[in-house]
Amino acid sequence: MATICVHNTAVAKIGIFYIVFYSVLAALVAVCMWVFFQTLDPRIPKWQMDQSLIGTNPGLGFRPLPSEDNVESTLIWYKGTEEKNYKMWTDALDDFLQDYRTPGQVLGRGQNIYNCDYSQPPPKGMVCEVDIKQYGPCTLENHYNYHKSAPCIFLKLNKIYGWVPDFYNDSSSLPNNMPTDLKEYIKEKEQKEQHTMNTVWVSCEGENAADIENVGQIQYYPRRGFPGYYYPYENSEGYLSPLVAVHFERPVRGIIINVECKAWAHNIKHDRHERMGTVHFELMID
Ligand SMILES: *[C@@H]1O[C@H](CO)[C@@H](O)[C@H](O)[C@H]1NC(C)=O
């Protein structure tokens, strides 16, 4: 009888000890987490611009990306006459543009879309519409023109919280290494559409003399750059990056064409190895 009693109180003591022990532990963890979250805002990154690992120099990206099992590859290779063959690329673009096609897909998008313009930047908390109907031949219905062996590639500037572009908005101070056709385009815009000068300009060209020859005419939709009113990106709900659809109108077939695209603003440095402000890919259309 006595032994059972002793045994019971011992068990009870151990039980109480563990209950208290774990409660204190849980309370400590809770306090730590609470203190930690007090220092954070879910919408605003703690480390921004120069303090952050991403830095202040945005990268440029392209879509469609070659398949995931070959991440190093930047070759877009297909046969225009075979749907089976180019479908992989157009499907990838369908996926990528999904969010752009259906407002409401992205959380909060739909309620706070603002009809932005150069003279009408979005108010705080609102986001600008990205209208994919303005991409000329580069639409889903048109298979992004892959079937005509004149594919569209989409360009996108990587998002950096709070980054404000320093525009090339004066044609008298363009950098020497800017492609001549872009310089001319900017001069023309300055004369005819002065209000659109606050744009992050975009250029694509063949890399070597042969590539320049082979890549042929290039068109940009809806315009040749990313309009300034999309910046700065402040993680507002439903924000979508603006896109430039690059249409290669008549690339030579059966040969690899090296293409380099660049984004242009005073505060975008170009570094191919760091993948800053520039992107490289190859086209091969059989
Ligand atoms: C030109 O760009 C600079 C730097 O981005 C900006 O401060 C300035 O207001 C722009 N000029 C015009 C006329 O918009």
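The values are calculated or read from the model by the stated rules, or taken from the named source; none is laboratory data. This one's a predicted model, so the numbers in the text were calculated from it and none came from an experiment. We place every Cβ from the backbone using ideal geometry, glycine too, and count neighbours over all the protein chains shown.
Brief remarks follow.
- Test: GLN191 is modelled with pLDDT under 95 and either in the same structural domain as LEU240 (by the TED database) or of a type in the set (Phe, Trp, Tyr) (or both): no
- Pairing residues of region 144-167 that are under 19 Å from TYR229 (Cβ atoms) and aliphatic (A, V, I, L, M) with residues that are within 16 Å of the ligand (Cβ to nearest atom) and not in a loop (DSSP other than H, G, I, E, B), at Cβ distances under 6 Å and at least 6 apart in sequence or on separate chains, gives LEU157/PHE226; LEU157/ALA263.
- Among residues that are surrounded by fewer than 18 Cβ atoms within 10 Å (Cβ to Cβ) and either touching a residue at least 12 places away in the same chain (Cβ under 8 Å) or assigned by the TED database to the domain that holds GLU237 (or both), GLY80 is not included.
- Checked against the criterion of being touching a residue at least 12 places away in the same chain (Cβ under 8 Å) and over 25 Å from HIS273 (Cα atoms), the candidates ASP117, ASP41 yield just one match: ASP117.
- Condition broken by ASP181, with the remaining ones in (1) under 24 Å from ASP131 (Cα atoms); (2) more than 12 Å from the ligand (Cβ to nearest atom); (3) not in a loop (DSSP other than H, G, I, E, B) satisfied: (1)
- Residues being among the aliphatic types (A, V, I, L, M) and either in a helix (DSSP H, G or I) or modelled with pLDDT of 95 or more (or both) - total across region 61-98: 4
- Region 233-264: number of residues that are closer than 22 Å to THR74 by Cβ and either part of a strand (DSSP E or B) or among the acidic types (Asp, Glu) (or both): 15
- Positions within region 137-177 being on the phi < 0 side of the Ramachandran plot, within 16 Å of the ligand (Cβ to nearest atom) and part of a loop (DSSP other than H, G, I, E, B), in sequence order: ILE160, TRP163, VAL164, PRO165, ASP166, PHE167, TYR168, ASN169, ASP170, LEU174, PRO175
- Filtering VAL31, VAL11, VAL6 for residues that are at pLDDT 90 or above and either in contact with a strand residue (DSSP E or B) (Cβ under 7 Å, 6 or more places away or on another chain) or farther than 24 Å from LEU140 by Cβ (or both) leaves a single hit, VAL31.
- Residue match in region 82-99 (condition: in contact with a helix residue (DSSP H, G or I) (Cβ under 6 Å, 6 or more places away or on another chain) and more than 22 Å from PHE248 (Cα to Cα)): no
- Residue within region 121-129 that is free of Cβ contacts under 8 Å to residues at least 24 places away in the same chain, away from the ligand (no atom under 16 Å from the Cβ), assigned to a loop (DSSP other than H, G, I, E, B) and touching a strand residue (DSSP E or B) at 6+ places or on another chain (Cβ under 6 Å) present: yes
- Single residue of region 233-276 satisfying the filter (within 16 Å of the ligand (Cβ to nearest atom) and under 13 Å from the mean Cα position of the chain (by Cα)) that is nearest to LYS156 (Cα to Cα): ALA263
- Top-ranked residue of region 197-232 - restricted to ones that are part of a helix (DSSP H, G or I) and buried (at least 17 other Cβ atoms within 10 Å of the Cβ), ranked as nearest to the ligand (Cβ to nearest atom): GLY228
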